[in-house]
Amino acid sequence: MEYTVMVAIYPVILTNVVKKELGKYYESSDIKRIIQCTRVDYYDIIKRTPDMGGSKNYYIANMYLGAYLIGLYKNIREKISLEEYNNIIENGLKNCGLLKLKMKKVNYLSSKYRKSLYKRAKWAKENEAKYPWTWQIKIPENKNRDGLYFEFTQCGLCKLCINENVPELTQLMCNTDYLSFSLAGFKLIRTKTLAVGNDYCDFWVLKNE
């Protein structure tokens with residue numbers, strides 16, 4: 001992947017996010033080693049992952065997050081179960097002040113967000129051949145529902161997990177969507193995901209009452 005400023009920033013942010021959670025399972029000396037090894041693995045994953053369009057790709061941050069979480073998982077999976085790792089991710093992100101601040105500013109039902117979604121879908125389709133790993137978005141006009149509804153017919157994180165031989169992590173990545181929407185004050189309803197073999201991931205977003 002293309003190196004952007006955020007490539008270097010993400011390990012710093014995410015180290016602070018997971019450090020406290022790792023303390024529930026490891027001594028401080030072990031945590032220091034894990035963090036160092038994770039950082040090395042993170043940059044290796046970034047280096048061998050196909051270009052996604054850099055900052056032009058709205059979802060590039062998801063790939064940085066995925067690369068870090070995969071790197072961390074590879075360094076703790078001998079001791080930590082998938083369920084425990086899911087808790088580490090969920091609790092860490094819940095307590096991330098920067099994420100909370102960012103999500104509070106998002107209104108998924110605004111006209112501004114809808115326009116942005118159409119713009120992302122258009123960009124992804126136009127650049128599909130150039131960036132074959134990027135998310136592909138479908139916004140069905142015939143599925144009239146309250147709130148916001150769209151589908152991902154391709155997911156970069158699914159491809160990343162398969163490429164890194166950790167397909168079991170894909171569903172954990174999917175779980176972070178629920179958390180992100182809830183931090184913004186919205187509810188995500190989902191019946192299908194690419195992670196379990198469906199043709200698409202459905203996103204039906206409603207305002208929390």
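The values are calculated or read from the model by the stated rules, or taken from the named source; none is laboratory data. As the structure is a computational prediction, the values presented were derived from the model and not from experiment. Glycine also receives a Cβ, built like all others from the backbone with ideal geometry; neighbour counts cover every protein chain displayed.
Residues of the stretch 158-175 being part of a helix (DSSP H, G or I) and under 23 Å from Glu78 (Cβ atoms), which ones?
The first filter runs over the stretch 158-175 and keeps only residues part of a helix (DSSP H, G or I), leaving 158-163, 167-175.
If the condition is that a residue be part of a helix (DSSP H, G or I) and under 23 Å from Glu78 (Cβ atoms), then Leu160, Cys161, Ile162, Asn163, Pro167, Glu168, Leu169, Thr170, Gln171, Leu172, Met173, Asn175 are the ones that fit.
Residue check, Ile89 against (1) closer than 23 Å to Val7 by Cα; (2) aliphatic (A, V, I, L, M); (3) surrounded by fewer than 14 Cβ atoms within 10 Å (Cβ to Cβ); (4) at pLDDT 90 or above, all met but one. Which one?
Checking Ile89 against (1) closer than 23 Å to Val7 by Cα; (2) aliphatic (A, V, I, L, M); (3) surrounded by fewer than 14 Cβ atoms within 10 Å (Cβ to Cβ); (4) at pLDDT 90 or above, the one that fails is (3).
Can you pull out every residue in the stretch 89-123 that is of a type in the set (Gly, Ala, Ser) and not assigned by TED's automatic domain parsing to the domain that holds Arg77? Walk me through how you get there before you give the answer.
First, the residues of the stretch 89-123 that are of a type in the set (Gly, Ala, Ser): 92, 97, 110-111, 116, 121.
Ser110, Ser111, Ser116, Ala121, listed by residue number.
Failed condition for Glu78, given (1) in a loop (DSSP other than H, G, I, E, B); (2) within 25 Å of Asp199 (Cα to Cα), with all others met?
All conditions pass for Glu78, except number (2).
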